1. Test each condition in (1) of a type outside the set (F, W, Y); (2) farther than 21 Å from K104 by Cα; (3) out of contact with any Phe, Trp or Tyr (no Cβ under 8 Å at 6 or more places or on another chain) for A34 and report the one that comes out false.
2. From the list S10, S15, which residue is buried (at least 23 other Cβ atoms within 10 Å of the Cβ), touching a Gly at 6+ places or on another chain (Cβ under 6 Å) and not assigned by TED's automatic domain parsing to the domain that holds E220?
3. Yes or no: P82 surrounded by fewer than 21 Cβ atoms within 10 Å (Cβ to Cβ), in the same structural domain as G174 (by TED's automatic domain parsing) and part of a loop (DSSP other than H, G, I, E, B)?
4. Only residues that are more than 16 Å from G17 (Cα to Cα) and crowded, with 16+ Cβ neighbours inside 10 Å: list them for region 58-69, please.
5. Within region 282-297, restricting attention to residues that are over 12 Å from L252 (Cβ atoms) and among the charged types (D, E, K, R), which residue is surrounded by the fewest Cβ atoms within 10 Å (Cβ to Cβ)?
6. Select, from A247, A210, A243, A275, the only residue that is free of Cβ contacts under 8 Å to residues at least 12 places away in the same chain, out of contact with any His (no Cβ under 8 Å at 6 or more places or on another chain) and over 23 Å from D149 (Cβ atoms).
7. Looking at T150, T119, which one is surrounded by 15 or more Cβ atoms within 10 Å (Cβ to Cβ) and either among the small types (G, A, S) or closer than 21 Å to G292 by Cβ (or both)?
8. Select from region 178-191 the residues that are within 20 Å of the chain's Cα centre (by Cα) and not aromatic (F, W, Y) and list them in ascending order.
Amino acid sequence: MTTLVFGHISPDTDSTGSPLIWAWYLSEIKGTPARAVLLGEPNTEAAFMLKYWDLTKPEIIADVTAADTCVIVDTNNPAELPPSINEANVVGIIDHHLLVGGIKTKSPIDITIRPLACTATILHDLMGDALARAPRNIKGAMLSCILSDTLQFRSPTTTAHDRAVAEKLAVELGISIPELAAALFAAKSDVSAFTDAELLRMDSKEYNVAGKDLRISVLETTAPKVVLDRKDSLMAAMVDVAAEDGADQVLLFVVDILNEEATLLVPNDLVKQMAEASFGVKVTGNTVVLPGVMSRKKQIIPALKL
């Protein structure tokens, strides 16, 4: 029996790289046959990481069955997992997000959830000395995941440990962190091939705030103007995306990585009220700039209210 290792739907760099890292560890170190799979096409940054480190893109799956044994990484939210996740044999969860609940397992399992910026940092710690046996591309994926999730240490979720692990890996690999991060962010910022609906779903999570079901989307970019030039069509697309996804509203935060701020699109009075109540700003148009806001997990979700 081969264990499937996967992250969340709409895979970003961490949810693409961490399954590959952990599947290698289970197979090569623990003697448990495992393979990484994805729950959708990787985003442009994750696709760049795969090519840069010469990693094969994992198979994309739509669901799991009762016959599947699984390890979940980079999420513990059933809404971000295969529809039949509670029928599968989940044997482990490794994550760095808040505990959502709702996953039912067939027996006691190993769960590791730590307040670090990146799942790959947790994998580094769990692997211990065995990481020395990992091939270059596995270590490279680990470094890329950390640089992505920390926004090259700019994100407020970054811990001293995330940074130390990344710097150690970069030295081992002979890699310049600024150069690799710049290449990752350039790939992340290339959104020209995506429709408005795809952009709104690319990096999004579902949350309920004050009785409103929200799809909270974040686009991290070094070229915010490219996205903001599409604001009118993006706001128009929010109506259909919300209806199709069973949400009351889509919120889109365009995070400017270099200037360390976010711009929230404000298509209607509901979002205006939420922006003003949550962030203490005065909204006068269809966008509002939120200085210093970089993290959905640490700065956006905890602040949202009506």
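The values are calculated or read from the model by the stated rules, or taken from the named source; none is laboratory data. This is a predicted model, so every value here is computed, not measured. Here the Cβ positions follow ideal geometry from the backbone for every residue, glycine too, while neighbour counts run over all protein chains shown.
1. Only one criterion is unmet by A34, namely (3).
2. S15
3. Spelling it out, it is not the case that P82 is surrounded by fewer than 21 Cβ atoms within 10 Å (Cβ to Cβ), in the same structural domain as G174 (by TED's automatic domain parsing) and part of a loop (DSSP other than H, G, I, E, B).
4. V64, D68, T69
5. Among residues in region 282-297 that are over 12 Å from L252 (Cβ atoms) and among the charged types (D, E, K, R), the one surrounded by the fewest Cβ atoms within 10 Å (Cβ to Cβ) is K282.
6. A243
7. T150
8. Across region 178-191, the qualifying residues are L180, A181, A182, A183, L184, A186, A187, K188, S189, D190, V191.
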